[in-house]
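Notes follow the structure.
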């Protein structure tokens, strides 16, 4: 089984990931932690570039995240490079996570998932309308896709190093996913209450899987 945690910066993903891992291990479950960004081709390319030239790696990162000074021509070039890489990301992540879950028999806990990569690319202007709509409808999700809901204003209060517009834009994108797909919506309003809801959702899904395997 694959369990993922998605949501805005400041929604508590990493905190709930750690708590969920502890909860499942106390119950004797074999757990594997995966950080989604470590599986992307963009991350791998950045590591390779940093071995050759740290300046080149920094320049690549700056080109991706500098939205204000990005020319239309540069945006088209970045999009033409990053969109095919996203297809590779999807294929690799699906194979990797399913191997850990189905073959190794582990409960895989993901800090973020493919939908977070899609949201990030859309936010950065690296994902065209047609591809984003396709992903919104068909992108594979985790078996337990937890979406930690937090308003843009609350996220900004927790992470003031980012501008409010950053959270507002991403909030709208995450809401699109929540409306289009069957995400497990957990309000990020108090750790204990949120974690209890997460534990219950996981237990229900584990029970469903056990019943299906018996049949």
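The values are calculated or read from the model by the stated rules, or taken from the named source; none is laboratory data. None of the values given here were measured: they were computed from a predicted structure. Note: ideal-geometry Cβ built from the backbone for every residue, glycine included; neighbour counts use all protein chains shown.
Before moving on, here are some points about what is shown:
- Output for region 175-200, where each listed residue is under 11 Å from residue 148 (Cα atoms), out of contact with any strand residue (DSSP E or B) (no Cβ under 7 Å at 6 or more places or on another chain) and in a loop (DSSP other than H, G, I, E, B): 189
- Every condition in (1) surrounded by fewer than 13 Cβ atoms within 10 Å (Cβ to Cβ); (2) assigned to a helix (DSSP H, G or I); (3) modelled with pLDDT of 90 or more holds for residue 115 except the one numbered (1).
- Verdict on residue 172 being on the phi < 0 side of the Ramachandran plot and free of Cβ contacts under 8 Å to residues at least 12 places away in the same chain: yes
- Top-ranked residue of region 144-168 - restricted to ones that are closer than 23 Å to residue 190 by Cβ and in a loop (DSSP other than H, G, I, E, B), ranked as nearest to the chain's Cα centre (by Cα): 150
- Residues that are closer than 25 Å to residue 208 by Cα and surrounded by 15 or more Cβ atoms within 10 Å (Cβ to Cβ) within region 8-28 comprise 13, 16, 17, 19, 20, 21, 23, 24, listed in sequence order.
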